[in-house]
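Step one of this worksheet: look at the structure below.
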Amino acid sequence: MKWNNILHTVIFLSLAGPGIVGNILIFVRHVYTSALGTEKKPVDLILTHLAFSNMIIICTTGIRDIATVFYFRNFLGDIGCKVVVYLARMARGLSICTTCLLSVVQAVIISPRTILWTKLKPQTPWQVLPYVLLFWIFNALTSSNLLYYITAGGGLNRSGVAEYIGYCYMLPSRNIIKWLFLSLMTLRDVIFQSLMGWSSGSMALRLYKHHKQVLYLHSSRLENNSPPEIRATWSVLILMSCFLFFYWVDFILSFHTGFTVAHNSLSLNIKTFLELGYAGFSPYVLISRDVRVPNVLHVH
């Protein structure tokens, strides 16, 4: 195995292992709360779905990397390539949509108690479920072109065929198909990131006002004695910052490599880190600010 492959494997394992464990903890904790808890909150369903989406991203990236790093040329095949690449693309879209939904719901929760905001505030997980189902349908359709145009490339004349990842290749498509799906993905990212920006700004403003109101009472103990809603808002804002960082750095790198056709080992290792970064780090942002998560391990 080459040194760059060893480095690639180390990066993957250092992110995938803890990432799977962290997302399983978040998943189990919120499934338990939703199923057996006395108070069922909409946020529990959102966080369960986010953890599930992150696990799909980590697992599909892992299968892809195993096939690439260890030269398992026949490991995936046509069907395997289609399924892995399709699930990875769809899970990425689900992650964007779910993170946005979490941010918007949290912004509504801490908003002023007016008639309008009270009507918009979800009271049960059932009010959030239609949005989650809509995300699945939309992202399944947005990524559906991959089921036709992705191939393992065995016996394929690769001149003019763009390599997608590892041993999976993207067949050329008509311009109308290419621009249709690219426009749908761009529209999705613009809409949901705009909503993230609005909700983040709204939450930051509310936190600032809260800080000004209670600073003279709590002094240095403000953070520890703040209400659960405020602590949850800080968690969502940190989660949002992580998401935007990994998303935009990955976008810039992909844009650069797409135009320069530079697929060197360094850029591939950085891209793997960025693809797994949010999925691997996000559960620990939630765990670090929610002391109840480890208690799942003691539930019988």
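Things worth noting here:
- Cut-off 14 Å, label 7 Å out along Cα→Cβ of Tyr148, residues of segment 170-200 by amide N: 171-182
- Two-site label geometry, Trp234 and Leu171: point separation in nm, points 7 Å out along Cα→Cβ: 5.4
- Integer Hz, Karplus 6.51/-1.76/1.60 couplings in order for segment 272-288, x for Gly and Pro: 4, 4, 6, 5, 8, x, 5, 4, x, 8, 4, x, 6, 5, 6, 5, 5
- Under 5 Å between amide hydrogens, built in the peptide plane, is the criterion, and for Ile150 it picks out Leu171 among residues at least 5 positions away or on other chains.
- Simple spin-label estimate for Asp189 and Tyr208 in nanometres, 7 Å along Cα-Cβ: 2.9
- Estimated inter-spin distance, Leu182 and Leu134, nm [label 7 Å along Cα→Cβ]: 2.8
- Each of Phe52, Phe135 was scored by other Cβ atoms within 10 Å of its Cβ. Listed from fewest to most, they are Phe52, Phe135.
Each value in this text was obtained by applying a stated rule to the coordinates, not by laboratory testing. Only a predicted model underlies this, so the values are computations on that prediction, with no experimental measurement involved. All Cβ positions, glycine included, derive from the backbone under ideal geometry; neighbour counts span all protein chains shown.
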